[in-house]
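Worksheet: one structure, shown below.
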Amino acid sequence: MSGWLLCALLFSLIGLTEQDGHPAPIDEVKVYYSEETFCALSDCGAWVLSVTWRDKFAENNESEKVSYDIEVSRTEQTTTVHNETIHVMLDKTSYYHWKWTSPIPLQCTSHSVKLRRHNEHHIGEWTPLYTHEGRDLNAATTTVYPHDQVFMVGSNITFCCIVETDKVPFGSGFINRISNRTYITKPVPFERPYVHDIHCDDSGSSIFIGYPPDDQNLTCITRNLSSVECHWETGRKTHLTGNRRTNYTLNGRVCEFGKCVIHAETKQVTNWTLIAKNPLGVKTLTDTADPTRRVWLRAPSDISHAADARNVSLRWSWNEENYALFPMICQVKLSGSIYNKTFNGVGLSSVVLINLQPFVKYTAQVRCGSLQHFYKWGDWSEITEFSTKEDIPEAVDVWIHYSEQNTSVLWKPLTQQQSHGMITGYEITIGNPKGGSRKINKEQNSQLCYNITSGNEKSDRIITVSAKNSAGLSFPSTIIVPSYHDNEVDVSHISSSNGGFEMSWEEYHNSTCGYVVEWFPTYKKTQCAVEWEKIPECDSGADACDTWNQSGIFEAGVRYTVSVYACTDDSPKLLKRIEGYAIEKQPGKVENLKVENKGRNVELSWDEVPLEEQNGFIRGYKVITLLSGSETIIKTATTKEPKVNLELDPGSYTFRVSAFTSGGEGDYVAHRMNYGKSMDQMIVATIVGCSAATLVFMIITVLCYRKQKRLNKRLYPDIPEPKLVGEWITKGIYCTQMTEGYMKCEIQEVHILEHPAMSESLRGLDLITSNSKVVPTQQFYQNISESPADVSFCPVENLTSIIENPSYNLTIPAPVGVAQISDLILEMQDAYLPAPNFVQNNFVVKDSYKPQSANA
C-alpha cells in the first residue's frame with residue numbers, strides 16, 4: 001500500500017515539474033520533400049520541404065494555440081536560409097505539419113531544420129538538427145536541377161549544377177557556390193512560353209514554360225434526345241503539349257478536348273462539372289440545364305425534290321429514331337436566301353415551295369429545330385439542285401415608231417424571268433377594225449422589229465405581238481397604228497444633265513395609260529435602234545408623272561432625238577420632241593477650207609462639220625494665223641459663222657481652222673498661201689508714185705531756173721581778176737643772219753612776161769626773181785644806220801624764195817615769220833583777197849609806183 005502511495009506522489013511531482021515551466025520535449029520530427037511541380041521523370045527537382053512532428057505538451061495545455069519557431073539552413077555551410085514563427089491550433093493528436101518552398105531545388109544540397117516551442121512565459125529549447133540530404137553527397141555524374149519540369153510564364157528560376165569535388169562548372173552562369181560540389185545561377189526570368197535549355201559542362205536540362213488551363217463557357221445539350229453532349233471553349237492557349245497537355249474529366253469521366261458525350265437521362269435537370277487540369281493548374285467549369293430545352297437537331301439526310309413550273313416538293317429522312325415523334329419547325333434556304341415561310345410538324349420530313357419562277361435553276365437546303373422549346377437551329381442538310389419547268393412567256397413590251405414614210409412596230413426582248421423558257425419566235429398580227437388580219441411569224445434570231453409599209457390606208461390598223469416558247473404563246477400586246485400620223489411638233493435643243501437627259505412636259509388630259517418616252521440616234525439610226533420607256537399613269541396628287549430623267553445609257557458624242565407621247569385608247573399622241581447630246585465630245589474637222597484675197601483683207605470660208613461627225617453642238621470656230629514655216633502665231637480669232645475676214649500684211653501665212661463644242665476643240669484643217677497686193681493696188685501705187693516723182697522734178701526744175709545766178713555763184717564762182725591797190729614794190733631786200741659776223745641778203749624783183757614766143761599758159765604771168773649776197777654784219781648795220789628805210793631784217797634762217805599764188809599759180813617768196821613788204825595790198829575783184837598771212841608792213845618801199853591796174 002505504501003508503494004502505491006509512493007508512485008502516486010512521484011507522478012504528481014513530475015506533473016508539477018512540467019507545469020512549472022519544464023515542458024516535455026518535441027519528438028518524432030520528420031523532414032522530407034514532396035513533388036508539387038509536374039515531373040515526367042523521378043528526381044527531376046523538388047521545391048517543397050515538409051516537416052512533421054509530435055508535441056505531447058499540447059495534450060495537457062489549456063490554451064487553444066501553440067507557437068513554434070522554425071529555422072532552415074543549408075547543412076554544409078550552416079547558412080540560415082529561412083526562419084519563421086508559426087501559430088497552430090492545438091490538435092488532440094499532437095501531430096503538426098509545416099511546408100516551406102525552397103528558392104532552389106532541394107536536390108542541390110542538404111537542408112537542416114530545427115524548431116522550438118514558445119509561449120508568453122517560456123521559450124523552449126531548440127530541437128536537434130534534422131537533415132534532408134541533397135544529391136551533392138553521392139552524385140556520380142554532373143547533374144543539373146531542375147530538369148524536365150513545367151513552370152508558369154513569369155517565373156524566376158534558379159538552376160544548380162552538381163559537379164565533381166573542387167571542379168568549377170562551365171556554362172550557363174553557374175557562379176555562386178553553395179557547397180563543395182554545388183553551384184547555382186542567379187534567378188532567371190521567363191516572360192514568354194517556350195522550351196528553355198540550360199547546359200553545365202557535358203550535362204544539361206530542359207524546362208517548359210506555359211500557362212494553366214483557361215477553358216470557358218461549358219454548355220451541355222442533347223442532339224439525339226438520349227445522350228448529352230457538352231462543349232466548351234479553350235480560352236488562352238497553354239503552350240503545353242504531349243503528356244503535359246490539359247486533361248479533362250466531365251462528372252468523373254475522361255473526355256477529349258472540346259466535346260464530351262454522356263449517355264444519361266435527358267428528361268430532368270442535370271448538373272455537369274468539367275475539370276481541366278495541366279501541370280500548372282486546374283480549372284473547373286459547371287453547367288445546369290434540362291436537356292429537353294436544349295435540343296440541337298442533326299441535319300436531314302437523303303433530300304430529294306419534285307419540281308413543276310412554279311412549285312417544288314422537297315423530301316428528306318432522319319437518321320435518329322427519336323425524331324419521329326418530336327415536334328419540330330423547319331426552315332428552307334432557297335438559292336442562298338431564306339425562304340419566306342417556315343414549316344412545322346411532328347417528325348417533319350417534307351415541304352412544298354410555291355411561287356417559283358418557271359425555267360429557273362434553284363438550290364435548296366433544309367434545317368430544323370425544336371418547336372416547343374426552341375433552342376437553336378440544327379445543321380443544314382446537303383445542297384440539292386433542281387430546275388422548274390417552262391411556262392408561257394409574259395406579254396412583250398410593244399411600241400410603234402414613225403420614220404419618214406415608214407412605220408415600224410418594235411418590241412423589247414424578254415428577260416429570263418419574263419420569258420419562262422426558251423423563246424423560239426414571235427407572232428405578229430396586223431388587222432383593222434372592220435375585220436380581217438394577217439399573221440407574220442418571226443424567228444428568235446431576227447431583229448425585234450417589223451416594218452409596216454405605209455400606204456393610203458383609210459382606217460387605223462391594230463397590231464398585236466406575242467412571244468412563244470415550248471409552253472405556248474404569251475398574251476398578245478396590242479398597239480394601234482393610225483391612218484394619219486400627227487407627229488408635227490417643234491424640235492428644240494437640250495443640254496445634257498449628268499450624262500443624260502432630263503425633260504418635262506405638260507399633262508395631257510386625254511392620257512389613259514400614262515406616257516411613253518422614246519429616244520434614238522438622230523443620224524445613226526437603224527430600223528430597230530429605238531428605245532423607249534413607259535411611264536405609268538399617276539394617281540391623283542402625284543407629281544412625278546410629267547418628268548423623265550435618264551442617264552448612263554447614252555453613247556458619248558451621239559446626237560439623240562427624244563420624244564414624249566401620251567398613251568391613249570387610240571394611237572399614241574406626240575407631245576414634245578427634243579434633240580441633244582448626253583455627253584459632248586470633240587468635233588470632227590471642217591471641210592473645204594477656202595482662202596480668198598479681197599482687197600486689203602483675206603477671207604476664209606469653209607463648210608460646216610458633217611452632222612454625224614459634230615459630236616456635240618458646234619459653239620463656234622477657232623482660226624489661227626501663223627507665219628509659214630514656223631509656229632509663231634500672228635492672230636487668233638473665233639467666230640460662230642463658217643467664214644472670217646482677216647486684215648494682214650503681205651507675206652506667207654498658214655491658216656488653221658477648227659470647230660469646238662462644250663466637249664473640247666476638234667482637229668484643225670490647215671491652208672497655206674502667199675499673200676501680196678492685188679494687181680489694181682499695184683497699178684494705182686505705180687501711177688501715184690510716178691506722178692509724185694514728176695511733180696517733184698518739175699518743182700525742182702522751176703526753182704533751179706529761177707535761182708540760176710545764185711546757184712552759179714555758189715556752185716561755179718567767176719575767177720576774179722587781180723587788181724593792185726596802192727603802191728606796189730617791184731624790188732625788195734631780205735636779210736638773214738648766218739654765222740657770226742656775216743649776213744645773207746636777198747634782192748627780189750617782179751617781172752611781167754609778155755613775150756610773144758611764150759606759150760599761152762605762161763603768157764601774162766608775173767614772175768618774182770631774186771639774187772642773194774652775203775655781207776659782213778658790221779657793214780650791214782652801217783648801211784642800216786645810213787638808210788634805215790631801205791632794208792628789212794629777219795632773224796629766221798629758213799626762207800622760201802618762191803610762193804605760189806592760189807589764183808594764178810605765181811611764185812612769190814613765202815618766208816614764215818619774216819618781215820615783208822610794207823603797204824603791199826593785193827586787191828581782188830568781188831572782195832577776193834588772197835593776201836598771205838605772213839605779210840608784215842615793216843619794209844621801206846623803194847622805186848615804187850602806183851598803177852591803176854595790173855595784169856597778173
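The stretch 117-188: Rg/Rh from Cα coordinates, Kirkwood Rh? The partial results should precede the final answer.
Details: Rg = 17.5 Å, Rh = 14.9 Å.
Reported Rg/Rh, Kirkwood definition of Rh: 1.17.
Among the listed pairs LYS585/LYS640; LYS439/LYS576; LYS442/LYS573; LYS114/LYS283, give every one whose C-alpha distance is greater than 26 Å.
Beyond 26 Å: LYS439/LYS576; LYS442/LYS573; LYS114/LYS283.
What are the residues whose amide H is under 5 Å from the amide H of ILE535, where those residues sit 5 or more places off or on another chain and H is modelled from the backbone?
The answer is TYR515, VAL516, VAL517.
From the cross-link list LYS333/LYS468; LYS598/LYS622; LYS267/LYS333, which pairs have alpha carbons spaced over 26 Å apart?
Values: LYS333/LYS468 32 Å; LYS598/LYS622 21 Å; LYS267/LYS333 32 Å.
From the list (LYS333/LYS468; LYS598/LYS622; LYS267/LYS333), the Cα-Cα distance tops 26 Å for LYS333/LYS468; LYS267/LYS333.
List the residues, sorted by chain then number, that are 5 or more residues from ALA289 or on another chain and whose placed amide H is less than 5 Å from its amide H.
When sequence neighbours closer than 5 places are left aside, the close amide H contacts are THR270.
Note down the net charge around SER551, summing +1 for each Lys or Arg and -1 for each Asp or Glu among other residues with Cβ under 13 Å from its Cβ. Don't skip to the answer; put the middle values down first.
Working: positive: none; negative: GLU502, GLU533, GLU555.
Summing Lys/Arg as +1 and Asp/Glu as -1 gives -3.
Tell me which GluC sites (Glu not before Pro) from the stretch 388-442 have a DSSP coil assignment and no more than 15 other beta carbons within 10 Å of their own. Working shown, then result.
Details: sites: GLU390, GLU394, GLU404, GLU427; in loops: GLU390, GLU394, GLU404.
Those satisfying the criteria are GLU404.
How big is the charge dipole of the stretch 50-187 about its Cα centre, in debye rounded to the nearest 20, if each Lys and Arg gets +1 on its Cβ and each Asp and Glu gets -1 on its Cβ?
Working: 14 positive and 16 negative charges, 64 e Å.
Around 300 debye, computed over the stretch 50-187.
Just check the stretch 224-306 against the gyration tensor rule for me: Cα atoms, a ≥ b ≥ c as the square roots of the eigenvalues, rounded for a/c under 1.5, and otherwise prolate or oblate depending on whether a/b exceeds b/c. Kindly include the intermediate steps, with their values, before the conclusion.
Numbers: a/c = 2.99, a/b = 1.66, b/c = 1.80.
Here the stretch 224-306 falls in the oblate category.
For the stretch 560-573, in order, what is each residue's ³J(HN,Hα) by Karplus, 6.51 cos²θ - 1.76 cosθ + 1.60 with θ = phi - 60°, in whole Hz (x at glycine and Pro)?
These are the phi-based 3J(HN,Hα) values: 10, 9, 10, 10, 10, 10, 8, 8, 10, 5, 9, 6, x, 10 Hz.
Of MET698, VAL684, ALA582, which is farthest on the positive side of the dipole of the stretch 576-716, counting Cα position, with +1 on Lys and Arg Cβ, -1 on Asp and Glu Cβ, and the Cα centre as origin?
MET698
Using the Karplus curve 6.51 cos²θ - 1.76 cosθ + 1.60 with θ = phi - 60°, work out ³J(HN,Hα) for each residue of the stretch 466-479 in order, rounded to whole Hz, and write x for Gly and Pro.
10, 9, 9, 9, 5, 8, x, 8, 6, 5, x, 9, 10, 8
Students sometimes get this wrong: rank VAL595, VAL516, VAL282 by accessible area, probe 1.4 Å, all chains present, largest first. Could you put the intermediate results ahead of the total?
Values: VAL595 35, VAL516 5, VAL282 90 Å².
The ordering from most to least exposed comes out as VAL282, VAL595, VAL516.
Choose one of PRO105, TYR130, THR142: the residue whose Cα lies farthest towards the positive end of the charge dipole of the stretch 84-173 (beta-carbon charges +1 Lys, Arg; -1 Asp, Glu; about the Cα centre).
TYR130
Going through the cross-link list LYS92/LYS277; LYS30/LYS277; LYS589/LYS635; LYS56/LYS277; LYS341/LYS389, which pairs have a Cα-Cα distance over 29 Å in this structure?
Numbers: LYS92/LYS277 36 Å; LYS30/LYS277 31 Å; LYS589/LYS635 20 Å; LYS56/LYS277 40 Å; LYS341/LYS389 22 Å.
With Cα atoms farther than 29 Å apart: LYS92/LYS277; LYS30/LYS277; LYS56/LYS277.
Taking the Cα atoms of the stretch 491-576, report the difference between the largest and smallest coordinate on each principal axis, in whole Å and largest first.
39, 28, 21 Å, listed from the longest principal axis down.
For the stretch 157-304, what is the per residue volume of the convex hull drawn over the alpha-carbon atoms, in cubic angstrom?
Working: hull volume 24.7 nm³, N = 148.
Convex hull of Cα atoms, per residue: 167 Å³.
Just want the answer: with Cβ charges of +1 for Lys and Arg and -1 for Asp and Glu, which residue in GLN372, ASN344, VAL396 is farthest toward the dipole's positive end in the stretch 338-424?
Going by the charge dipole, the pick is GLN372.
Under a 1.4 angstrom probe, counting protein chains only, how are TRP606, TRP377 ranked by accessible area, largest first?
Working: TRP606 15, TRP377 60 Å².
My answer, sorted largest first, is TRP377, TRP606.
Heavy atoms only, 1.4 Å probe, whole protein assembly: order PHE697, PHE359, PHE151, PHE257 by accessible area, highest first.
Details: PHE697 140, PHE359 75, PHE151 25, PHE257 115 Å².
The ordering from most to least exposed comes out as PHE697, PHE257, PHE359, PHE151.
Let me spell out the model: positive unit charges on the Cβ of Lys and Arg, negative unit charges on the Cβ of Asp and Glu, origin at the Cα centre of the stretch 467-589. What dipole size does that give, in debye rounded to 20?
Values: 10 positive and 18 negative charges, 163 e Å.
It comes to approximately 780 debye.
Only loop residues by DSSP count here, and only those with at most 12 other Cβ atoms within 10 Å; note down the GluC sites (Glu not before Pro) in the stretch 590-641 that meet that. Please list the in-between numbers first.
Details: sites: GLU591, GLU596, GLU603, GLU608, GLU612, GLU613, GLU631; in loops: GLU608, GLU631.
In loop regions of the stretch 590-641 (DSSP not H, G, I, E or B), the sparsely surrounded GluC sites (Glu not before Pro) are GLU631.
Against the 2.2 N^0.38 Å scaling, with N counting residues, where does the stretch 248-396 land? I'd like the Cα-based Rg ratio to two decimal places.
1.44
Quick one: putting +1 on the C-beta of Lys and Arg, -1 on the C-beta of Asp and Glu, what dipole do you get for the stretch 247-387 around its Cα centre, in Debye to the nearest 20?
Working: 15 positive and 11 negative charges, 75 e Å.
It comes to approximately 360 debye.
If you take every residue apart from ASN441 with its C-beta less than 13 Å away from the C-beta of ASN441, what net charge results, scoring Lys and Arg +1 and Asp and Glu -1?
Numbers: positive: ARG438, LYS439, LYS442, LYS468; negative: GLU427, GLU443.
Within the 13 Å Cβ shell, the charges total +2.
The values are calculated or read from the model by the stated rules, or taken from the named source; none is laboratory data. Here the structure is a predicted model, which means the values were calculated and not measured. Glycine gets a Cβ as well: all are built from the backbone with ideal geometry, and neighbour counts include every protein chain shown. Ligands, DNA and RNA are excluded from the accessible area calculation, which covers all protein heavy atoms including side chains. Shrake-Rupley method; radii C 1.70, N 1.55, O 1.52, S 1.80 Å.
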